[in-house]
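A short worksheet on the structure shown next.
Taken together, the values in this text are just the output of simple stated rules run on the coordinates, not laboratory data. Note that this is a predicted model, so its numbers are computed, not measured. All Cβ positions, glycine included, derive from the backbone under ideal geometry; neighbour counts span all protein chains shown.
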Amino acid sequence: MQLIPRVLGIMSSNCYILRNEEEAVVIDPGGNPELIYPDIGRRKLLYIIDTHGHYDHIGGNNALKARYDTKLVVGKHDYTMLLNPQLNLSVMVDSPYISVAPDRLLEDGDSLPFDGGDLQIIHTPGHTVGSICIKTGDMLFAGDTLFYHSVGRTDLPTGSAEDLKASILQKLYVLPDETKVFTGHGEHTTIGEEKRNNDFVRM
């Protein structure tokens with residue numbers, strides 16, 4: 001399996017393309033979908049996965065759904081964000097955006113088959129009530145839950161600082177220290193690095 005990172009959209013959000021010879025998955029297509037198309041090529045796009053419902057992570061949903069026969073999936077508690085420009089914050093950039101409806105709503109413990117393994121869904125409320133992380137092998141795609149030496153904002157609709165801290169402590173910091181964390185913005189990190197040096201959430 002190959003991982004291709006892209007920085008997309010007006011908020012420089014990290015998008016990740018997972019692919020093998022025949023299939024692909026896109027995580028958080030925040031904008032500029034035309035930059036993703038070559039990474040997919042002739043592969044079957046199995047899923048578009050939104051880690052949460054904010055505009056800077058869903059802005060490419062509609063274009064990708066229109067171009068490919070694929071499934072859009074999101075945490076079940078962020079469903080309404082995709083359809084509400086106030087909640088997905090697109091009104092704040094004067095570009096109200098309504099995503100196509102998701103094909104499946106994800107819950108904690110769900111898995112999506114890919115590349116002979118599973119993409120494991122971890123529900124991590126805090127940045128938004130429906131935020132999810134995706135784990136496969138030694139990689140974790142953390143959306144805006146956990147950053148390099150930082151964490152996601154909790155002062156936006158459905159955010160909760162208490163929930164975010166609990167999600168990180170109880171669901172992410174229990175993962176092996178060597179787990180690579182691919183964040184929604186900025187540089188990637190590891191679970192061990194954050195346990196040692198993240199002043200926002202200490203063990």
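Remark: the GLU178-ALA161 segment gains 3.6 nm on full extension, using 0.36 nm per residue and subtracting the alpha carbon distance. Placing dummy labels 7 Å off each Cα toward the beta-carbon, the span from ASP199 to TYR148 is 1.7 nm.
Note that the chain, at 4 °C in a medium of 1.567 mPa s, gets a Stokes-Einstein diffusion coefficient of 78 µm²/s from its Kirkwood radius over C-alpha pairs.
Pairs of lysine residues in segment 2-197 that meet both criteria, 8 or more places apart or on different chains and Cα atoms under 24 Å apart, total 18.
Over the chain, DSSP H runs of length four or greater, each weighted -39,500 (n - 2.57), average out per residue to a 222 nm ellipticity of -3500 deg cm²/dmol. Of all the options LEU106, LEU140, LEU83, the one that moves most in a Gaussian network model of the chain with Cα springs shorter than 10 angstrom is LEU83. Extension gain for the segment SER111 to SER95, taken as residue separation times 0.36 nm less the Cα-Cα distance, is 2.5 nm to one decimal.
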